Amino acid sequence: MGRTTVSLSGWELDNPVIPASGTFGYGQEFSELYDINCLGSFSFKGTTLHPRFGNPTPRIAECPAGLINSVGLQNPGVDHVLAVELPRLARFYKKKVIANVGGFSVEEYAEACRRLDASEQVGILEVNVSCPNVDHGGMSFGVSPEAAAQVTRAVKAVTKKPVYIKLSPNVTDIVPIAKACQEAGADGLSLINTLLGMRIDLRQRKPVIANRMGGYSGEGIYPVALRMVWQVYEAVKIPIIGMGGVSTAAEVIEMMLAGATAVQVGTASLIDPWACQKIVEELPQVMEQYRIESLQEIIGGAHHG
Ligand code: SIN
C-alpha cells in the first residue's frame, strides 16, 4: 500500500482525489488536458435511466466564492453511457470509475443501477438523492430518512457493487438521514451536495437563474461541508467520501481528518481544469509538511485528539 493509497469498500485508490460528478463530464475533455489516470478515480456526470435535456438557461450564476448551478441533470441516459461513454473512456482511462446515478422514482434509481451493475468499469455506484434542481425527484428523496432508506434498499437489491448514497446539506440535521442509509444497507456515503441558493439581477429585477434557485458550490461552502463530514463520521461506521468547496491538498487532508476516506473536488476544476492534477501532485509535499506517513491512517484523526 502506497503512502497516499486509500481503500473504499475494498477498492484501493492510488490517492483520495476524485473529481466530483457534474464537473468532469465522462472524462474525455479533461483527458485531452492531462493523463487522468493520476486521479484516485472520478465520479461521472449524474446519469438517469432516460436521457434528459436539463433545465432552461441561464443555468449558472457566479458568486464571489463559488457558483450556483441549475443544470437539471442533463445527461444522455444510462444506455448511452454504457454503449458509448464507458467504451470510449476505456481507451484512455485504465481505472474504475464512480457511477453517479440520479432518479425520479425508486424504480428508476434501481433500474439505472441494475444496468450499470453489468459494467466492469464501474467501481462504486454513487446514488444521488440530493440534486436540488429537479422537481419530483433528486433532493426530495434525500431530505427524508425514510425515502433515502427506500432508495438505498431498492438499489442494494439489484447490485453487488458498493452503493454510496450522496446526501444533501439542505436539511436541518443530516445525521438521521446518514444513519437511515447505513441501516438500509448503504456501503458508504458521499457528502455534501450543493446548498440551495439564488442571485437576483439588479437591472432586470429578477432571478439570474431561469429556474430561480440552484445549488451553490465552491470555496464558500467548504466549512459547512467539513462540519457535516465531521458530524456524520461521529454517527456512522461506513466510509464517507467528503466534498464541498475543496480546492487544495491541505483541504483534502483536513477533510480526511474530519472523517473522509476519500475527497471529491468539484468547482475547483471549473476554475482551473488542472486543479485535481495539481492537488494529486501537491499531496506528498503537504503530507511531508504535517509529518503524515500514510493518508489511510489519518482518516477521522481529528476526533481522537
Ligand atoms: C444538476 O445536474 O442539476 C446538478 C446535479 C446535482 O446537484 O446533484
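The values are calculated or read from the model by the stated rules, or taken from the named source; none is laboratory data. Fair warning: this is a prediction, and the values are worked out from it, not measured in the lab. Using ideal geometry, Cβ is built from the backbone for each residue, glycine included, and neighbour counts are taken over all protein chains shown.
Considering only the range 269-289, state which residues are within 21 Å of LYS166 (Cβ to Cβ) and either without any contact (Cβ under 8 Å) to a residue 24 or more places away in the chain or among the β-branched types (Val, Ile, Thr) (or both). Correct list: ILE279 only. May I ask you to verify whether PRO169 is buried (at least 20 other Cβ atoms within 10 Å of the Cβ), within 12 Å of the ligand (Cβ to nearest atom) and either among the hydroxyl-bearing types (Ser, Thr, Tyr) or at pLDDT below 95 (or both)? Taking the combined requirement at face value, the residue does not satisfy it. Might you let me know whether the range 176-183 holds any residue that is in contact (Cβ under 8 Å) with a residue 40 or more places away in the chain, buried (at least 24 other Cβ atoms within 10 Å of the Cβ), of a type outside the set (Asp, Glu) and assigned to a loop (DSSP other than H, G, I, E, B)? Looking for residues that are in contact (Cβ under 8 Å) with a residue 40 or more places away in the chain, buried (at least 24 other Cβ atoms within 10 Å of the Cβ), of a type outside the set (Asp, Glu) and assigned to a loop (DSSP other than H, G, I, E, B), one finds none in the range 176-183, hence no. I'd like to know if the range 233-247 contains one or more residues that are surrounded by fewer than 16 Cβ atoms within 10 Å (Cβ to Cβ) and polar (S, T, N, Q). Taking every residue of the range 233-247 in turn, none turns out to be surrounded by fewer than 16 Cβ atoms within 10 Å (Cβ to Cβ) and polar (S, T, N, Q).
Among the residues of the range 124-158, those that are surrounded by fewer than 20 Cβ atoms within 10 Å (Cβ to Cβ) and away from the ligand (no atom under 16 Å from the Cβ) comprise SER144, PRO145, GLU146, GLN150, ARG153, ALA157, VAL158. In summary, CYS38 fulfils each of the numbered conditions (1) within 12 Å of the ligand (Cβ to nearest atom); (2) out of contact with any Pro (no Cβ under 8 Å at 6 or more places or on another chain) with the single exception of condition (1). In the range 87-102, the residues that are aromatic (Phe, Trp, Tyr) form Cβ pairs under 9 Å with partners that are at pLDDT 95 or above and within 16 Å of the ligand (Cβ to nearest atom), at six or more places apart or across chains, as follows: TYR93/PHE42.
THR57 - would you say it is among the hydroxyl-bearing types (Ser, Thr, Tyr) and either within 12 Å of the ligand (Cβ to nearest atom) or modelled with pLDDT under 95 (or both)? The answer is no for THR57.
State which residue is surrounded by the most Cβ atoms within 10 Å (Cβ to Cβ) when the search covers only the range 55-85 and only residues that are of a type in the set (A, V, I, L, M) and over 15 Å from THR267 (Cα atoms).
VAL81
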